[in-house]
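Chemist: So that we are looking at the same thing, I have put the structure below in structure tokens.
Derivation of every value follows stated rules applied to the coordinates shown; laboratory data play no part. All figures in this text were calculated on a predicted structure; none of them were measured in a lab. Ideal geometry is used to build each Cβ from the backbone, glycine not excepted, and the neighbour counts take in all protein chains shown.
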Amino acid sequence: MNKRELYCRDMTVANIRRNDEADFVEIVFLESARFYRIMKNNSDFNDMLGKLEIALSDSKRVTVGLDSIESEIIEAIH
């Protein structure tokens, strides 16, 4: 199985916005005016959210993987 190539960018988490009724959690980064999302149906959702929460509390940068430079859907967090 081939791993798909993701567009990756190092960013600092500024805020995590939760809405129990939504199918996503919204993430705000210091380096971008855009709002990004992690989808709750992503098999890595809990792992990604945990990494983002730690990065927010520690003010650490994470590497965010997106399908493309235009996408706001986060596919991976490293």
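Chemist: Nothing charged except the Cβ atoms of Lys and Arg (+1) and of Asp and Glu (-1): what's the magnitude of the dipole of the chain about its Cα centre? Round to the nearest 20 debye.
Modeler: Computed charge dipole of the chain: roughly 180 debye.
Chemist: Summing -39500 (n - 2.57) over the DSSP H runs of n ≥ 4 in the chain and dividing by its residue number, what mean residue ellipticity at 222 nm do you reach, to the nearest 500 deg cm²/dmol?
Modeler: Roughly -6000 deg cm²/dmol at 222 nm, from the helical runs in the chain.
Chemist: Can you give me the relative contact order of the chain as a percent, contacts being Cα pairs under 8 Å and 6 or more apart?
Modeler: 34 percent
Chemist: Around residue 48, with a cut-off of 14 angstrom between Cβ atoms, what is the net charge of the other residues, counting Lys and Arg +1 and Asp and Glu -1?
Modeler: It works out to a net charge of -1.
Chemist: Oh, and also: Taking the beta-carbon count within 10 Å as an exposure proxy, list 45, 29, 35 from fewest neighbours to most.
Modeler: 35, 45, 29
Chemist: Once you sort the root eigenvalues of the Cα gyration tensor of the chain as a ≥ b ≥ c, which label holds: rounded (a/c under 1.5), prolate (a/b larger than b/c) or oblate (the other case)?
Modeler: rounded
Chemist: Among 36, 7, what is the fewest-to-most ranking by other Cβ atoms within 10 Å?
Modeler: Listed from fewest to most nearby Cβ atoms, that is 7, 36.
Chemist: If each residue of separation counts as 0.36 nm, what is the full-extension length gain between residue 68 and residue 9 once their alpha-carbon separation is subtracted?
Modeler: 20.2 nm
Chemist: In which sequence would 9, 4 go, from the one with the fewest C-beta neighbours within 10 Å to the one with the most?
Modeler: Values: 9 15, 4 9.
Sorted ascending by nearby Cβ count, the order is 4, 9.
Chemist: How much net charge surrounds residue 13 when only the other residues with a Cβ under 14 Å from the Cβ of residue 13 are counted, with Lys and Arg +1 and Asp and Glu -1? Don't jump to the answer; show the numbers that get you there.
Modeler: On the way: positive: 9, 17, 18, 34, 37, 51, 60, 61; negative: 10, 26, 31, 53, 58.
Net local charge, residue 13 excluded: +3.
Chemist: Right, next: Identify the residues of segment 35-78 with backbone N under 11 Å of a label point that sits 7 angstrom from the Cα of residue 23 along the Cα-to-Cβ direction, or state none.
Modeler: Those under the cut-off are 39-42.
Chemist: If the chain between residue 31 and residue 59 were fully stretched, how many nm would it gain, using 0.36 nm times the residue separation less the Cα-Cα distance?
Modeler: 8.8 nm
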